[in-house]
Each structure stands twice: as C-alpha cells, then as structure tokens.
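One structure is given below, encoded as structure tokens.
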Amino acid sequence: MTGRTDARTVVVAGGAGFLGRIVVTDLVRRGCTVAVPTRRPDSVRDLSAVLDDAPGRLVVVPLDASGPAGAVPALARLDPAPSAVVASLGGWSIGPHLLDLAPDAWQRALDDHLTAHLRAMQAYVPLVDGQDDAVYVTTNGAAADEPMVGSGPVNVTGAAQRMLLRAVALEHDGGVRFHEVAFLAAVAGDDRNLDPHAELGHEAVAAAVRGVLDDPGSPQLVRVAPHGRRRPAEASET
Ligand SMILES: NC(=O)c1ccc[n+]([C@@H]2O[C@H](COP(=O)([O-])OP(=O)(O)OC[C@H]3O[C@@H](n4cnc5c(N)ncnc54)[C@H](OP(=O)(O)O)[C@@H]3O)[C@@H](O)[C@H]2O)c1
C-alpha cells in the first residue's frame with residue numbers, strides 16, 4: 001500500500017451524486033484536492049460549505065454541453081496535477097419491464113449509465129496518464145451481477161459498464177491502473193431505495209474506494225457486500 005491518497009488530486013466524476021458525495025467528503029476530509037466536474041454546480045454548494053474547514057480542498061468544475069472534454073483544461077491546471085479518477089456515474093431506476101420500455105427511456109439509460117462512462121474515460125484517462133500511480137476507478141452496483149425486475153436498463157448497462165472498463169484497460173498501454181468497485185447493496189440514506197434488503201454504511205463505501213486508490217495491488221474488480229452476505233461470485237463457485 002502506498003498510503004499517499006491524501007497527497008493526490010482526485011477527479012470525482014459524479015461527485016454531486018449520492019454515492020459520489022460520500023467519496024468526495026471522505027477524500028477532502030483526508031486532505032486530498034478533489035475536483036468535481038458536474039452539470040449541476042449549485043447542487044454541491046452545501047458540500048463546499050460543510051468541507052470548508054477540512055484539510056483538503058473541493059474544486060467544482062461546471063460542465064457545459066461539451067461534457068467531460070470541456071473540463072480537462074481546468075482540471076489540468078490543478079496543483080498537484082490529477083492522478084486519480086473516481087467515476088460514480090449513472091444512478092438507479094425502477095420502471096417498465098424491458099419488453100415494454102419506450103425507446104427514449106432505453107436511450108436515456110444508455111446515455112446516463114454507459115455513454116457517460118465512455119465520455120469520462122476518453123477525457124480523464126489521458127488527463128491522469130503519466131502521473132505517479134495513475135488510477136481510474138468506476139463504481140457499480142449489484143444490478144451488474146443480478147437481474148432485477150423493473151431495473152433491466154440498469155442491469156444491462158451495469159454489465160456493459162464492467163466490460164467497458166475491462167476493454168479500455170486491455171487496450172491501454174499500462175500507464176493507468178483500472179478498477180471497478182461494485183457495491184452490492186443500497187447505500188444507507190438513499191431514499192430512492194424503497195425496500196432495501198440490506199444496506200452499506202457510508203464508511204464502508206468510502207473505505208472501499210480509498211482502499212483501491214491507496215493499493216496498487218487491488219484486484220480489478222472489488223465487490224463490497226454488506227456484512228455477512230455472500231458475494232455472487234462466491235455463491236456461483238460453490
Ligand atoms: N445510491 C446507492 O444506493 C448505490 C448503491 C450501490 C451502488 N451505487 C453506484 O453508485 C454509482 C452512482 O449512483 P448514485 O446513486 O450516486 O447516482 P446519482 O445520485 O443519481 O448520481 C449520478 C451521477 O451521475 C451523473 N450522471 C448521470 N447521468 C449523466 C449523464 N448523462 N452525463 C454525465 N453525468 C451523468 C450525475 O452527474 P451531474 O452531477 O452532472 O448531474 C450524477 O452526479 C453507480 O455506479 C451506482 O451503481 C449506488
């Protein structure tokens with residue numbers, strides 16, 4: 001373990017989202033400079049106020065229609081230069097069954113859960129490439145492993161997101177390490193999860209992401225299960 005996370009500048013794409021805010025808060029409290037590119041800069045105003053006295057720094061970078069590529073010049077000017085990315089993009093939805101899904105709903109799911117990841121990678125992988133222990137982390141959920149009635153678009157895009165990371169890692173020349181942290185339960189406090197069977201606490205979320213940032217020996221796929229619950233990979237092996 002390098003233990004140098006607090007010396008990094010970390011770009012948290014989706015840092016204004018529910019899970020992203022947990023990661024941002026943890027990293028700023030540990031001394032990191034954290035940059036949050038977002039289409040909704042006003043939505044992180046409260047976070048900026050809460051983190052005002054923290055040892056690290058929160059830098060909000062508004063995204064315009066050009067998307068992540070348009071944020072790169074501002075991110076490249078940060079000191080220290082960004083060496084890590086956490087992409088917590090997408091979210092959650094429950095709706096019609098796949099066979100009843102309207103074309104625009106399908107397209108929206110592809111845009112939000114999958115294309116957003118590709119565009120972030122195209123912009124931010126070159127940004128961190130060449131930095132000491134450059135690392136790119138995506139978050140994902142249980143829907144990438146398990147089909148769920150009414151969440152088919154999230155199932156399909158979550159599985160595709162995993163393959164996107166694997167393919168980009170394979171094509172890349174090795175200057176960046178790539179990881180996915182998959183959280184296998186609802187995160188506590190997210191009231192979009194109407195009837196969570198199990199929950200993950202905020203510290204478990206933050207520690208899992210921090211662990212991958214800190215440890216170059218982390219596996220490419222890290223699954224984070226609530227205490228006492230078997231992970232799908234283990235279940236299928238027995
Ligand atoms: N919430 C949970 O309980 C939970 C549990 C397990 C796993 N996860 C995982 O956590 C990650 C994020 O989930 P979340 O619940 O935090 O989502 P969220 O609150 O809905 O936030 C999603 C983020 O994604 C960004 N985004 C959405 N569509 C986009 C688009 N078309 N282009 C660019 N950015 C887009 C948004 O950025 P803007 O700020 O620009 O709007 C937003 O900040 C996902 O990987 C999910 O699988 C969440």
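Every number in this text was worked out from the coordinates using simple rules, so none of it is lab data. Computed from a predicted model, the values in this text were never measured in an experiment. Note: ideal-geometry Cβ built from the backbone for every residue, glycine included; neighbour counts use all protein chains shown.
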Query raised in the report: Full extension from S66 to N193: what is 0.36 nm times the residue separation minus their Cα-Cα distance, to one decimal in nm?
Result: 42.5 nm
Query raised in the report: Okay, which of region 76-96 sit inside 13 Å, backbone N to the point 7 Å along the Cα-Cβ direction of M148?
Result: 91-95
Query raised in the report: Where is the GNM fluctuation largest for the chain (alpha-carbon springs, 10 angstrom cutoff): V187, V34, V86?
Result: V187
Query - Amide proton proximity set for A182, modelled H, under 5 Å, gap of 5+ - result: N140, V222, R223, V224
Report summary line: Note on the chain: contact order normalised by length, alpha-carbon pairs under 8 Å, 6 or more apart, percent, works out to 19
Query raised in the report: Simple spin-label model, 7 Å along Cα-to-Cβ: D53 to D173 in nm?
Result: 4.7
Report summary line: If one builds a Gaussian network model of the chain from Cα atoms under 10 Å apart, the most fluctuating residue listed among A16, A69, A120 is A69
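From the gyration tensor of the Cα coordinates in the chain, what semi-axes in whole Å does the equivalent ellipsoid have, largest first, with each one equal to sqrt(5λ)?
Details: eigenvalues 142, 80, 71 Å².
After diagonalising the Cα gyration tensor, the semi-axes are 27, 20, 19 Å.
Under a Cβ-only charge scheme (Lys and Arg +1, Asp and Glu -1), can you give me the dipole magnitude of the chain about the Cα centre, in debye to the nearest 20?
Numbers: 21 positive and 29 negative charges, 39 e Å.
Charge dipole of the chain: 180 debye, to the nearest 20.
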Report task. Return one number: the angle in degrees, 0 to 90 and rounded to the nearest 10, between the long axis of the Cα atoms of helix 116-128 and the longest principal axis of the Cα atoms of the chain. Result -> 30
**Report entry** Label-point separation, A74 to R166 (7 Å along Cα→Cβ), nm
**Finding:** 3.6
Report summary line: In a Gaussian network model of the chain with springs linking alpha carbons closer than 10 Å, the residue among V181, V50, V36 that fluctuates most is V50
